[in-house]
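The values are calculated or read from the model by the stated rules, or taken from the named source; none is laboratory data. These numbers come from a predicted model, not from an experiment. Cβ sites come from the backbone with ideal geometry, for glycine too, and all protein chains shown count toward neighbours.
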Amino acid sequence: MNEGIIRTVIFALTLFCFGFLEASFAYRKRVMSRKDRWPSNIGIVFIDTFLVRLVYPMGAVGIAYYCEANNYGIFNWINLSYWPSIILTIIFMDLIIYGQHVLTHKINFLWKLHQVHHSDRDLDFTSALRFHPIEIIFSMMVKTMAISIIGASPKGILVFEIILSSMAIFNHSNLYLPAPLEKIIRYVFVTPQMHIIHHSEEQFESDTNFGFNLSIWDRLFGTYTDKWKSSKVIGQRAFQREADQKLLHLLKQPFL
């Protein structure tokens, strides 16, 4: 099966799975109705996908294959064997995305773009799709540079891309996890109860818990927080109207 089809099928199944689970085992009561948020959150991903395919027609996996064929990057230079190259690719790319996420909170222009994601007044599996198209292009540029530098394994990038989308859907979902189970999971992976703190309207909380998959990076670099210290309100104070959640407004928001 074509790798693009594999990713698309897994992505769709993951969306459906967590949509069903959070409807059955909700963690928080909604602030806004689905009909006022979902069309914009889902609509923006179609724009993102179109632009990425337009600007980067090869995709991340295609770029990795190109680097492999032309002997670009560290892993290709040292002839790293099959499984170590896949495992190290996944770990290295996980770290890169963590670092990129930190930058989007520290650099003003990048924050204006990333704030589109943070201005969602609720958090559910559709929030994982809500990124400004320019931020998506920037993210793809970072991934392209990282893949080229390390000579990432194409299979490793395929697995990483699946992990990236699946874990983003999981840790943005409004899914209740029993506290003992959640505590165990977050020793290794980012959970919804860990990530929702990152979406606090209070900056001292939104500047923590940057990881999307492995929780080790936040612990290692001192950006981890284990529990809410504020009133547990998510979103951005400047974008509290229902009109702020419309698709056209999300596209304009960084430039207002």
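If you check LYS106, LYS112, which single one turns out to be crowded, with 16+ Cβ neighbours inside 10 Å, over 17 Å from ILE150 (Cα atoms) and modelled with pLDDT of 95 or more? It would help to see each step written out before you state the result.
On the way: LYS106 fails: crowded, with 16+ Cβ neighbours inside 10 Å.
When all the criteria are applied, what remains is LYS112.
Yes or no, residue by residue, for (1) among the basic types (Lys, Arg); (2) within 30 Å of LEU177 (Cα to Cα); (3) surrounded by fewer than 14 Cβ atoms within 10 Å (Cβ to Cβ); (4) modelled with pLDDT under 95:
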| residue | (1), (2), (3), (4) |
| --- | --- |
| PHE18 | no, yes, no, no |
| SER33 | no, yes, yes, yes |
| ASN41 | no, yes, no, no |
| CYS67 | no, no, no, no |
| MET93 | no, yes, no, no |
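Filter the stretch 1-12 down to residues that are closer than 12 Å to LEU158 by Cα and assigned to a loop (DSSP other than H, G, I, E, B), then give me how many there are. Walk me through how you get there before you give the answer.
Kept after step one, since they are closer than 12 Å to LEU158 by Cα, are these residues of the stretch 1-12: 2-8, 10.
Narrowing the set further to residues that are assigned to a loop (DSSP other than H, G, I, E, B) leaves 2.
Residues flagged as closer than 12 Å to LEU158 by Cα and assigned to a loop (DSSP other than H, G, I, E, B) within the stretch 1-12 amount to 1.
In the set LEU51, LEU15, which member is of a type outside the set (S, T, N, Q), under 16 Å from THR144 (Cβ atoms) and assigned to a helix (DSSP H, G or I)? Lay out the reasoning, then the answer.
Numbers: LEU15 fails: under 16 Å from THR144 (Cβ atoms).
Going through LEU51, LEU15 in turn, just one is of a type outside the set (S, T, N, Q), under 16 Å from THR144 (Cβ atoms) and assigned to a helix (DSSP H, G or I): LEU51.
Check PHE125, PHE75 and return the single one that is farther than 27 Å from LEU15 by Cβ, touching a Ser or Thr at 6+ places or on another chain (Cβ under 6 Å), buried (at least 19 other Cβ atoms within 10 Å of the Cβ) and in contact (Cβ under 8 Å) with a residue 60 or more places away in the chain. I'd like the intermediate steps shown before the answer.
On the way: PHE125 fails: farther than 27 Å from LEU15 by Cβ.
Step by step, each of PHE125, PHE75 is checked, and only PHE75 is farther than 27 Å from LEU15 by Cβ, touching a Ser or Thr at 6+ places or on another chain (Cβ under 6 Å), buried (at least 19 other Cβ atoms within 10 Å of the Cβ) and in contact (Cβ under 8 Å) with a residue 60 or more places away in the chain.
If you scan the stretch 231-256, which residues turn out to be touching an Asp or Glu at 6+ places or on another chain (Cβ under 7 Å), surrounded by 14 or more Cβ atoms within 10 Å (Cβ to Cβ) and either among the polar types (S, T, N, Q) or under 21 Å from ILE47 (Cβ atoms) (or both)?
GLN236, GLN245
If you scan the stretch 219-248, which residues turn out to be in a helix (DSSP H, G or I) and in contact (Cβ under 8 Å) with a residue 60 or more places away in the chain?
Initially, the stretch 219-248 is screened for residues in a helix (DSSP H, G or I), giving 219-220, 242-245, 247-248.
Scanning the stretch 219-248 gives GLU242, ASP244, GLN245, LEU247.
Within the stretch 178-193, count every residue that is outside any loop (DSSP other than H, G, I, E, B) and either without any contact (Cβ under 8 Å) to a residue 24 or more places away in the chain or closer than 20 Å to ARG237 by Cβ (or both). Break it down stepwise before answering.
First, pick out the residues of the stretch 178-193 that are outside any loop (DSSP other than H, G, I, E, B): 179-185, 189, 192-193.
Pick out the ones that are also either without any contact (Cβ under 8 Å) to a residue 24 or more places away in the chain or closer than 20 Å to ARG237 by Cβ (or both) and you get 179-185.
Adding up the residues that qualify gives 7.
If the requirement is being out of contact with any helix residue (DSSP H, G or I) (no Cβ under 8 Å at 6 or more places or on another chain), among the aromatic types (Phe, Trp, Tyr) and at negative phi, which of these qualifies: TRP38, TRP83? Write out each step before concluding.
Numbers: TRP38 fails: out of contact with any helix residue (DSSP H, G or I) (no Cβ under 8 Å at 6 or more places or on another chain).
On inspection, the qualifying residue turns out to be TRP83.
Of all the residues that make up the stretch 60-74, how many are more than 17 Å from the chain's Cα centre (by Cα) and part of a helix (DSSP H, G or I)? Don't jump to the end; show me each part of the working.
Here is the first cut: in the stretch 60-74, the residues more than 17 Å from the chain's Cα centre (by Cα) are 61-74.
Imposing the further condition that a residue be part of a helix (DSSP H, G or I) reduces the set to 61-69, 74.
Count: 10.
I'm told ILE169 meets every condition in (1) among the β-branched types (Val, Ile, Thr); (2) touching a helix residue (DSSP H, G or I) at 6+ places or on another chain (Cβ under 8 Å); (3) farther than 26 Å from PHE16 by Cα except one. Can you identify the failing condition by its number?
(3)
Out of all the residues in the stretch 194-209, is one or more surrounded by 15 or more Cβ atoms within 10 Å (Cβ to Cβ) and over 18 Å from HIS114 (Cβ atoms)?
Step one: of the stretch 194-209, the residues surrounded by 15 or more Cβ atoms within 10 Å (Cβ to Cβ) are 194-202, 205-209.
Okay, now just the ones that are also over 18 Å from HIS114 (Cβ atoms), so 194.
The answer is yes, given that some residue of the stretch 194-209 is surrounded by 15 or more Cβ atoms within 10 Å (Cβ to Cβ) and over 18 Å from HIS114 (Cβ atoms).
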